[in-house]
Amino acid sequence: MINNKLPKIWYGGDYNPEQWDAEIWKEDERLFKLAGIDVATVNVFSWALNQPDEETYDFSLLDETIDRLYKSGVYACLATSTAAHPAWMARKYPDVLRVDYNGRKRKFGGRHNSCPNSPTYRKYSALMAEKLAERYKNHSGLVIWHISNEYGGYCYCDNCAAGFRQWLEKRYGNLEALNKAWNTRFWGHTFYDWEDIVPPNALSEEWDGNRTAFQGISLDYRRFMSDSLLECYKLEYEAVKKHTPDLPVTTNLMGFFPDLDYFEWAKYIDIVSWDNYPALDTPVSYTAMAHDLMRGLKGGDPFMLMEQTPSQQNWQAYNSLKRPGVMRLWSYQAVAHGADTVMFFQLRRSIGACEKYHGAVIEHVGHEHTRVFRECAELGRELEQLGDKLLDARTESKVAIVYDWENRWATELSSGPTIALNYVNEVHKYYDALFQMNIESDIISVEADMSRYDIVIAPVMYMIKPGFAQKVEQFVANGGTFVTTFFSGIVNENDLVTTGGYPGELRSLLGIWAEEIDALFPDQKNSIVMKRPWGKLQGQFECGLLCDLIHAEGAEVLAEYGTDFYAGMPVLTMNHFGKGRAYYVASSPEVKFLQGFLANLCAEKGIEPLLDAPAGVETARRVKNDKEYLFLLNHNADAAAVEIGAEARQELLSGEMLSGAVTVPGRGVFILERSRK
């Protein structure tokens, strides 16, 4: 449970009273009560107010805010305010300012503008966190610490260059090992002194973001930057933990955000929290996958939905309103996938600067007579009604999908074979196929324990880290089913090709070797032709993007390519390995193939869909003690009929007992409780 002080699904969001006067604060208290708000995230961007100069700390406004909120029944998610340094710091200590990708020194402005390797930033951010912890360690209204805000962005300054060299020396030990790992004899790049090494950006190795002459250098700089920002977080984490060891600590993540290795970060976060901002046209399954990734960061622990908008974003190209019912629906989608909080950015809409058109519980009109407020207040009443029933409930999946940030970096930095390869999209294709069949799946790291799963899928496993191949071999040998795809097993952790035939270290497990990789233009397609009917797979299916030209060496060929000079070569294989099976999908197939393929694998393992639900109705399940909670989330605008079985279940939001065919309203939600057998 997140915190016993408030044993329910927390409901609230970011609150910035410093932008308003005392009369507005009083109105906020009234409206918060009407909406059922019980947690407010405060102090996110208040460093400039808290520390007006180098020597002065002034927490009087924060004191008043936390006290006032607590007296009115609202607890504080207390941020450390370090997401944007004050102007005096930038003027007096220019080392705090980042240097951008093009080598330009920033001026004061924006946010996330602090160099993560600035001694000034590290000193004053940790000191601010400690002073806050000393001051509020005994305050009854404090329920969780929120370190900084949405970490991200890289720096290429001299401090970062020096830090990079130190990081490299620790990683490789000596220049001989580094030169070998980076293959620097290519293009005469041998380094003779640590000082020869500079950050890879537009002035050195890179151009256009992910295009680089030396993948090893660019890959290591991404690792270094993720570690550098993590070190900043850890300094603040340790500062607050020293005074409040029993209070949980988080920082808000951003789903599939590319800059940081969240699996590594999660080791130092007590409770994962994240900010969910899908667009109107974002696939529902993509949002679900992001929730499952956040749940997977700490091995299935519940997470916090730290931010979402009640109505609309301000920063997308087309900032559509959430249609009536969608805010509630998407909130429960987060809960269905493991969230133990529902929180917003923001509680009151700002009147100036770039977020003044970002939605809020309290709109610019300033009263409760709005559609958005009514919907928020209704959700608040429902969450109060649910109490602690769902808190700490878990998801029990028998299928896992491997996701790895370093593999993503390496794939995107690869100099070919196609610009169209998008790692996240390929992972989503497999997730979506399971999602459409109402089969639950977890998103796991390469370090995760696979033994709890029956099926593990690792799409585009381009990079094979030390020990991963052996772990998969053990999983399959013990009876597991493993699936991987084209462009897998190509390189090691330094982005050096594993010679001897693709898929490298996975070759004996898969019983194949790949000779060539064909890159297809967007308008080109090949076909997957089944050699014989297999369950829901028969006939032929479309494929494209990349086509591995593979040879079976022990694996059974289940399907072959239908066209081009490699027609008749294997495209889908299965290899017996110990008690289990390993499958290789040598191209990127159409959805119909993936659904049939994964349905066959699940059927072989006895993994059944949660329900047979119509299109647009999402199902999810959480379990707690002897209870099971089945969520029906209707993403359609119109009502949908769902058969839930003969056993009567209580619907928690209405209190009704339901069985048989039920009708879920358009954009409606059912949470069905039953005792586990």
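The values are calculated or read from the model by the stated rules, or taken from the named source; none is laboratory data. Because the structure is predicted, anything quoted here is derived from the model rather than measured. Cβ: placed from backbone, ideal geometry, glycine included. Neighbour counts: every protein chain shown.
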Review point. Of Ser140, Ser114, which residue is within 31 Å of the chain's Cα centre (by Cα) and among the hydroxyl-bearing types (Ser, Thr, Tyr)?
Key: Ser114
**Study point:** Checking Met574 against (1) outside any strand (DSSP E or B); (2) out of contact with any helix residue (DSSP H, G or I) (no Cβ under 8 Å at 6 or more places or on another chain), the condition it does not meet
**Key:** (1)
**Study point:** Filter result (within 16 Å of Val591 (Cα to Cα) and surrounded by 14 or more Cβ atoms within 10 Å (Cβ to Cβ)) within segment 525-539
**Key:** Lys525, Asn526, Ser527, Ile528, Val529, Met530, Lys536, Leu537
Check your understanding: Do you know which residues across segment 203-218 are assigned to a loop (DSSP other than H, G, I, E, B) and hydroxyl-bearing (Ser, Thr, Tyr)?
Key -> Ser204
Review point. Quick one: would you say Glu134 is assigned to a loop (DSSP other than H, G, I, E, B) and among the acidic types (Asp, Glu)?
Key: no
Review point. Looking at (1) surrounded by fewer than 20 Cβ atoms within 10 Å (Cβ to Cβ); (2) of a type in the set (Ser, Thr, Tyr); (3) closer than 19 Å to Glu440 by Cα, can you tell me which one Thr484 breaks?
Key: (1)
Practice item. Could you tell me which of the residues Tyr221, Tyr233, Tyr237, Tyr268 is assigned to a loop (DSSP other than H, G, I, E, B) and not basic (Lys, Arg)? Key: Tyr268
Check your understanding: Quick check, is Ile66 in a helix (DSSP H, G or I), crowded, with 22+ Cβ neighbours inside 10 Å and either at pLDDT below 95 or in contact with a helix residue (DSSP H, G or I) (Cβ under 9 Å, 6 or more places away or on another chain) (or both)?
Key -> yes
Study note, to complete from the structure: The lone condition Leu572 fails out of (1) hydrophobic (A, V, I, L, M, F, W, C); (2) in contact (Cβ under 8 Å) with a residue 60 or more places away in the chain; (3) under 24 Å from Gly480 (Cα atoms) is (2)
Check your understanding: Taking into account only those residues within segment 371-416 that are in a loop (DSSP other than H, G, I, E, B) and either surrounded by 18 or more Cβ atoms within 10 Å (Cβ to Cβ) or of a type in the set (A, V, I, L, M, F, W, C) (or both), which is modelled with the lowest pLDDT?
Key -> Ser414
Practice item. Could you pull out the residue among Asp292, Asp301 that is more than 30 Å from Ile197 (Cα to Cα), touching a His at 6+ places or on another chain (Cβ under 6 Å) and in the same structural domain as Val326 (by TED's automatic domain parsing)? Key: Asp292
Check your understanding: How many residues are part of a loop (DSSP other than H, G, I, E, B) and surrounded by fewer than 19 Cβ atoms within 10 Å (Cβ to Cβ) when one looks only at segment 653-677?
Key -> 10
Exercise for review: Name, by its number, the condition in (1) without any contact (Cβ under 8 Å) to a residue 60 or more places away in the chain; (2) outside any helix (DSSP H, G or I) that does not hold for Ala162.
Suggested key: (2)
Study note, to complete from the structure: In the set Pro245, Pro200, the lone residue that is modelled with pLDDT of 95 or more, more than 21 Å from the chain's Cα centre (by Cα), under 30 Å from Arg135 (Cα atoms) and not in a helix (DSSP H, G or I) is Pro245
Review point. Do the conditions hold for Lys592, that is, is it over 14 Å from Val483 (Cβ atoms), under 28 Å from the mean Cα position of the chain (by Cα) and assigned by TED's automatic domain parsing to the domain that holds Met461?
Key: yes
**Study point:** Test result for Tyr70, closer than 19 Å to Pro248 by Cβ and assigned by TED's automatic domain parsing to the domain that holds Val372
**Key:** yes
Review point. Across segment 258-280, which residue is surrounded by the fewest Cβ atoms within 10 Å (Cβ to Cβ) among those that are touching a His at 6+ places or on another chain (Cβ under 9 Å) and in contact (Cβ under 8 Å) with a residue 40 or more places away in the chain?
Key: Asn276
